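A short worksheet on the structure shown next.
Quick note: the coordinates plus some simple rules give every number you see, no bench work behind them. Everything quoted here is computed from the prediction, not taken from an experiment. Reconstructed Cβ throughout: ideal geometry from the backbone, glycine too, with neighbour counts over all protein chains shown.
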Amino acid sequence: MSVEVTVGPPVLTINHGSTFMVTDRRGEIHPDKDLGVFAEDTRFVGYYRCTIEREPWDLFTSTTTSYYQARLVYGNPALPALDNPLPHAPQHGQQSIPGIRGNIKAHSVGLVITRSVGERINEQFFITNYSGADLSFHLELSIRSDFVDLFDVKAHRYFARGDTSTVWQPGNDYWDLVTTYRDGGFIRRFTYRLLRSQSAPRFDNGRITWTIEMPKGGQWRAEAVMLLDAGQGAAPPPGSGAREVDRLALWAKNTTQLRASNHDVVAAFDQAVDDMAALRLHESDMPEHEWLPAAGVPWYVTLFGRDSLIVSYQNMAVYAPFARGALRKLAQYQATERDDWRDAQPGKILHEIRHGELAYFGLIPQTPYYGTWDATPLYLIVLHEIWKWTGDQKLLEAYRSNAERCLAWIDQYGDLDGDGFQEYKTYSSQGYENMGWKDSGIAVVYPDGSQVKQPKALCELQGYVYDAKQRMAEIFRVLGDQDRARALEQQAEQLRQAFNARFWLDHLETYAFGLGPDKQPIASVASNAGQCLWSGIADPDKAARVVRRLLQPDMWSGWGIRTLSTRNPAYNPFSYQNGSVWPHDNGIIAAGFKRYGFADEANRVARAVLEAAARFERYRLPELYAGLDRDATGFPVQYLGANIPQAWAAGSIFHFLRTILGLRADAPNGRLYVDPTLPDWLADVELSNLAVGETKLRLHFWRDGDGSRWQVLDQDGGSLDVVAEGETRPIPRTGQAPSADGQGQPPGAGQASAAPGHGDAGTASATASGNGPSGQQSGSRQ
């Protein structure tokens, strides 16, 4: 009999926007761990513990009921009678209350703590007396602020640079514990405000303490709020900090919804939608319903160039407007001058921005920091993609100058030596060693496991630039600049030919990890080669061999494709990027497989990661997990320290589904292309509220024998044709991929033929459309 194991992190995380709380499973915060209450890149609370008579409560259960709420259920430990009990106790009716710690049996008192996060953190305490007798005891809450910068917490440096003062301010209707931190002009303030309490609290010896007297069967309540102040506004008014009206319902209303025959896929999809809601950031200068995606909790709750753009891409078929916020904010921070401390050059898109103490005093370059080589071409890819999904040409006009500057950076600064390839190098004393998505300092290795020195020309960066220039050629045609479009197409084709000649390693049947500083191929087998299929830069015959190579045992873990081959001496399944499995990486690779006609192989990758999601707690994919063989463990193994929730891990669920269904939007021309290749483990799928341009669609896909069929069930809004993916493509082909025959298709369906194009559409297809009432368009894919 098999035993199903559910894997979960050893922490509880709740968040809303940039405010988040991470505790251990007991709900406690200890200062020497990666736990705390955080906002604005500062840890406002570094210690938290709730006790009864200074003894820890026994934890029964703790869980997060949603991304913004956690609930913890405890019972009291056994509290034996005192040797010298109090001479008397307060009276309740005719019965006397025993002395404190007098014969309170274990688990005769229950405590439930409920926490929820809005812009503030709300706590509710609910105690019930199950003992059958009157009781009296002390409830204590130890809570301390350390105001450690997030970078210091991550580096396990738990010290303060400034001075702290604490004041207890009892009031008539509420009680405040206020701790203020000052380091020159850098000010942070934490207020723990008790709004309601059935016993008056007091503050002594570093604890908030209540003396609670409870008759048998009695109940006791208190409510508090944590106010996190960056020190720039007035003191918060009494009672402030109640959670904002939850926008989750509005979010769900505006996102695509899924129904499917596979319950695990639906659960993973729904959790991913919730995770995206959790990671929305909204700034004051943004329109009311516009957000940008944060990268992940706890380390990356801020604007990230690479992450925010990839997540925006992943969300196109679920919530395309995510990209609006990312494009807007990244354009505002686009570099205008060279600044080596921050690795900035004109036109470059940022890597990350921080707002904590270290950033305030310029001790770190993240103000913002520009040390990434992929965000700039990804900006162009996402600009094109949101135009295709929304049909909003005003976006192209609004960001044309930003796009021009991106292209100029790619050619002038991205190509360090003028050889046509992108190479990265840091100029900052605190710059990153690696500036691709594998940005760990030890992630890029030679076949002998030794480190590759800068400059490095990673293979996927060439693909991103190829794709970006192809897409920008289409944009410039729409904007009326035919000469610019032709020049970009020529540049892209030259890059494609040079890449396939220089990066291909025939004896390894894959593309080189990159080129080293000597311009020689880095002959290491890594997952990066798979991303070259997503971008379309790979020759079709070489793509077929890459597919086979990445599914060999040294790369295939059973839970997905590893970042690095097990044959490399640097391989470690528990490492960050030298042998682990990253869901977003696998999502991109699967899309590349499908693009070149390898639908079965794409489905195999999707199934592995989705089955891993089903084994993680709440179906929530972490940032990464260990690269151990599936047969060796039977369950995916947690990577300690992984961000959960993590945006592009959650977004990989959407990317896999988009790949399986072959969705490619062309809203400017009033079309949505589909190319479903449903596997037997996902035989029936229905998407509703799918937005393409001004149209909302409800689509049904189902498996029929060895093929897949589809039908439009409902269509609301503007005119849109849903058609099977065909030969018409906005980008010239460079070769033919395997095609499928068109037998068994309904009237109006044509023969299937295809070749690689940009986006995540499949390569073999049939054309089918209908001009009748909504719900009559249909087609099939054999």
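Please state the charge dipole magnitude for the chain, taken about the Cα centre, from unit charges on C-beta atoms (+1 on K and R, -1 on D and E), reported in debye and rounded to the nearest 20. Display every interim value, and only then the final one.
On the way: 77 positive and 92 negative charges, 114 e Å.
Taking the Cα centre of the chain as origin, the dipole is about 540 debye.
Considering amide H positions built from the backbone, and no H for Pro or chain starts, which residues 5 or more places from THR65, or on another chain, come under 5 Å of its amide H?
ALA70, ARG71
Can you work out ³J(HN,Hα) from phi for every residue in region 167-177, in order, using Karplus 6.51 cos²θ - 1.76 cosθ + 1.60 and θ = phi - 60°, giving whole Hz and x for Gly and Pro?
Here the 3J(HN,Hα) series is 10, 9, 10, x, x, 6, 10, 7, 10, 10, 10 Hz.
Once both axes come from the Cα atoms, what is the angle between helix 540-550 and the longest principal axis of the chain, in degrees from 0 to 90, rounded to 10?
Approximately 30 degrees, to the nearest 10.
Tell me, Kirkwood radius of region 382-437 from alpha-carbon pair distances, in Å?
Values: mean 1/r = 0.0738 Å⁻¹.
By the Kirkwood definition, the hydrodynamic radius is 13.5 Å.
Can you list residues from other chains, or at least 5 along the same chain, whose modelled amide H is less than 5 Å from the amide H of PHE304?
ALA295
Just report the Cα centroid separation between region 415-446 and region 117-145, whole Å.
51
If you fit an axis through the alpha-carbon atoms of helix 263-278 and take the longest principal axis of the Cα set of the chain, what angle between them do you get, 0 to 90°, nearest 10?
Between helix and principal axis, roughly 70 degrees.
What are the lysines whose alpha-carbon lies under 18 Å from the alpha-carbon of LYS542, with same-chain residues fewer than 8 places away excluded?
LYS594
Give the separation of the Cα centroids, region 543-576 to region 163-227, in Å.
Spelled out, the Cα-based centre of one part sits 53 Å from the other.
May I ask which of LYS154/LYS388; LYS329/LYS425; LYS33/LYS105; LYS394/LYS469 have a Cα-Cα span longer than 30 Å here?
LYS154/LYS388; LYS33/LYS105
In degrees between 0 and 90, to the nearest 10, how far off the longest principal axis of the chain does helix 459-478 point, with axes built from Cα atoms?
In the chain, helix 459-478 runs at an angle near 70 degrees to the longest axis.
Counting only residues 5 or more places away or on other chains, whose amide H sits under 5 Å from the amide H of ASN103 once H atoms are built in the peptide plane?
Counting only residues 5 or more places away or on other chains, the set is ALA81, LEU82.
Among SER780, SER136, what is the fewest-to-most ranking by other Cβ atoms within 10 Å? If you can, show how the numbers build up before the last one.
Numbers: SER780 23, SER136 20.
Sorted ascending by nearby Cβ count, the order is SER136, SER780.
Starting from the Kirkwood radius over alpha-carbon pairs of region 248-661, derive D by Stokes-Einstein at 37 °C in a medium of 0.692 mPa s and give it in µm² s⁻¹.
Details: Rh = 21.2 Å.
Stokes-Einstein gives a translational diffusion coefficient of 155 µm²/s.
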